[in-house]
């Protein structure tokens, strides 16, 4: 008979308690944020887990860390002024539930469809925007894509070249484009392409049925390959007569959290507050600038919705000590104190 004294004792592996698991998750989330904040260059391999860990940090901590990153890569006193012009209003075949420009909702919205603006009228508007202080001019057209629009593409390239000749950055939002069209626009002088993803893959069919999430990503791939970049942050602006016209606007804290997380994830990128800024109090906008936003749309309109005006924004800049960013000047700030920050993570 085997002695019980010498028998091997089998131990059940320790199973972490729920409390211990929470502690481990918290420790990992902190570590992810610390490493992200200490990075000296942009990353392109973020996982969903890492993004979520950063996004869901306590808001005050998230905004503070984003501000540190922002000051390393940008001059925090500079904000770019951008003006958006609707060069083709309404008559769109898409069914985006938030948009007044869809033909499906025009009876409810009362929006009148218009033809594409002339090159001359667009350049006249760009000159006004420049006189008011804007350094980027963006042109939007209400249609699904650029297929079969050779004449329109030719005119838009002339608009792009003309605006660029004013020493302004040029942005367009023309729906889905292919790789050749992206290259042509880039060669004409295009600086950025605004192409919203709209919502997550899971929610996409409930918001838009006339295109897919993957089609949007495909266009983003084309413009990236052409060397065109931009990152606007939009909030839903409920428009009466559209399916989402009665939705409650998003909470400001969600907008601030998105901007702060974006600044940490994309430290060198210009982050632009787009749709939804009109509803923000001035103090809320200041928090966004502190957390990493460094561009806004200003002027008469945001396509079909109201926009903060040039004079209004100039007064706000004066109160908060902000200055308009010059065109094509987005040099990174010196990496002051970074070595100490990195050493502290070891």
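Among the residues of region 140-152, count how many are crowded, with 17+ Cβ neighbours inside 10 Å and out of contact with any helix residue (DSSP H, G or I) (no Cβ under 6 Å at 6 or more places or on another chain).
Residues of region 140-152 that are crowded, with 17+ Cβ neighbours inside 10 Å, as a first pass: 140-143, 145-146, 149.
Still in the running and out of contact with any helix residue (DSSP H, G or I) (no Cβ under 6 Å at 6 or more places or on another chain): 140-143, 145, 149.
Result for region 140-152: 6.
Determine whether region 260-283 contains at least one residue that is part of a helix (DSSP H, G or I), at pLDDT 95 or above and surrounded by fewer than 19 Cβ atoms within 10 Å (Cβ to Cβ).
Filtering region 260-283 down to residues part of a helix (DSSP H, G or I) leaves 260-265, 277-279, 282-283.
Those left that are additionally at pLDDT 95 or above: 260-265, 282-283.
Applying the additional criterion that residues be surrounded by fewer than 19 Cβ atoms within 10 Å (Cβ to Cβ) yields 282-283.
Scanning region 260-283, I find at least one residue that is part of a helix (DSSP H, G or I), at pLDDT 95 or above and surrounded by fewer than 19 Cβ atoms within 10 Å (Cβ to Cβ), so the answer is yes.
Quick check on residue 81: is it more than 30 Å from residue 119 (Cβ to Cβ), modelled with pLDDT of 90 or more and not in a loop (DSSP other than H, G, I, E, B)? Outline the logic, then answer.
Values: more than 30 Å from residue 119 (Cβ to Cβ): no; modelled with pLDDT of 90 or more: yes; not in a loop (DSSP other than H, G, I, E, B): yes.
So residue 81 fails the test.
Could you pull out the residue among 97, 77, 93, 102 that is in contact (Cβ under 8 Å) with a residue 12 or more places away in the chain, more than 19 Å from the chain's Cα centre (by Cα) and over 26 Å from residue 308 (Cα atoms)?
Details: 97 fails: over 26 Å from residue 308 (Cα atoms); 77 fails: over 26 Å from residue 308 (Cα atoms); 102 fails: over 26 Å from residue 308 (Cα atoms).
Result of the check over 97, 77, 93, 102: 93.
Can you spot a residue in region 112-128 that is surrounded by 21 or more Cβ atoms within 10 Å (Cβ to Cβ) and more than 24 Å from residue 306 (Cβ to Cβ)?
Checked region 112-128: no residue is surrounded by 21 or more Cβ atoms within 10 Å (Cβ to Cβ) and more than 24 Å from residue 306 (Cβ to Cβ).
Got a number for residues in region 244-257 being farther than 19 Å from residue 298 by Cβ and crowded, with 19+ Cβ neighbours inside 10 Å? Break it down into steps so the answer makes sense when it comes.
Looking only at region 244-257, we keep the residues that are farther than 19 Å from residue 298 by Cβ, and these are 244-254, 256-257.
Narrowing the set further to residues that are crowded, with 19+ Cβ neighbours inside 10 Å leaves 256-257.
Summing the residues that are farther than 19 Å from residue 298 by Cβ and crowded, with 19+ Cβ neighbours inside 10 Å in region 244-257 gives 2.
Table: residues versus (1) surrounded by 14 or more Cβ atoms within 10 Å (Cβ to Cβ); (2) at pLDDT 90 or above; (3) farther than 27 Å from residue 184 by Cβ; (4) touching a strand residue (DSSP E or B) at 6+ places or on another chain (Cβ under 6 Å).
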{"residue": "207", "(1), (2), (3), (4)": "yes, yes, yes, no"}
{"residue": "212", "(1), (2), (3), (4)": "no, yes, no, no"}
{"residue": "221", "(1), (2), (3), (4)": "no, no, no, no"}
{"residue": "228", "(1), (2), (3), (4)": "yes, no, no, yes"}
{"residue": "236", "(1), (2), (3), (4)": "yes, no, yes, no"}
{"residue": "239", "(1), (2), (3), (4)": "yes, yes, yes, no"}
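Can you name the number of the only condition in (1) in a loop (DSSP other than H, G, I, E, B); (2) out of contact with any strand residue (DSSP E or B) (no Cβ under 7 Å at 6 or more places or on another chain) that residue 54 fails?
For residue 54, the exception is condition (1).
Among the listed residues 108, 133, 91, which satisfies the condition of being touching a strand residue (DSSP E or B) at 6+ places or on another chain (Cβ under 7 Å), surrounded by fewer than 19 Cβ atoms within 10 Å (Cβ to Cβ) and modelled with pLDDT under 95? Give the derivation first.
Numbers: 108 fails: touching a strand residue (DSSP E or B) at 6+ places or on another chain (Cβ under 7 Å); 91 fails: touching a strand residue (DSSP E or B) at 6+ places or on another chain (Cβ under 7 Å).
On inspection, the qualifying residue turns out to be 133.
Out of 163, 170, report the one residue that is in contact (Cβ under 8 Å) with a residue 24 or more places away in the chain, in a helix (DSSP H, G or I) and within 17 Å of residue 122 (Cα to Cα). It would help to see each step written out before you state the result.
Working: 170 fails: in a helix (DSSP H, G or I).
None of the others qualify; the one that does is 163.
Considering each of 182, 158 in turn, give the residue that is out of contact with any strand residue (DSSP E or B) (no Cβ under 6 Å at 6 or more places or on another chain), part of a helix (DSSP H, G or I) and more than 23 Å from residue 270 (Cβ to Cβ). Break it down stepwise before answering.
Values: 182 fails: more than 23 Å from residue 270 (Cβ to Cβ).
After applying the criteria, what remains is 158.
Tell me which of these residue 196 doesn't satisfy, since it passes every other one: (1) modelled with pLDDT under 95; (2) closer than 15 Å to residue 84 by Cα; (3) crowded, with 19+ Cβ neighbours inside 10 Å.
It fails just one condition, (3).
Residues 197, 163, 170: which one is in contact with a strand residue (DSSP E or B) (Cβ under 7 Å, 6 or more places away or on another chain) and under 27 Å from residue 292 (Cα atoms)? Working first, answer last.
Numbers: 197 fails: in contact with a strand residue (DSSP E or B) (Cβ under 7 Å, 6 or more places away or on another chain); 163 fails: under 27 Å from residue 292 (Cα atoms).
Going through 197, 163, 170 in turn, the sole match is 170.
Given 188, 141, which one is farther than 25 Å from residue 323 by Cβ and in contact (Cβ under 8 Å) with a residue 40 or more places away in the chain?
Values: 188 fails: in contact (Cβ under 8 Å) with a residue 40 or more places away in the chain.
On inspection, the qualifying residue turns out to be 141.
The values are calculated or read from the model by the stated rules, or taken from the named source; none is laboratory data. This is a predicted model, so every value here is computed, not measured. Heads up, the Cβs are rebuilt from the backbone with ideal geometry, glycines too, and the neighbour counts pull from every protein chain shown.
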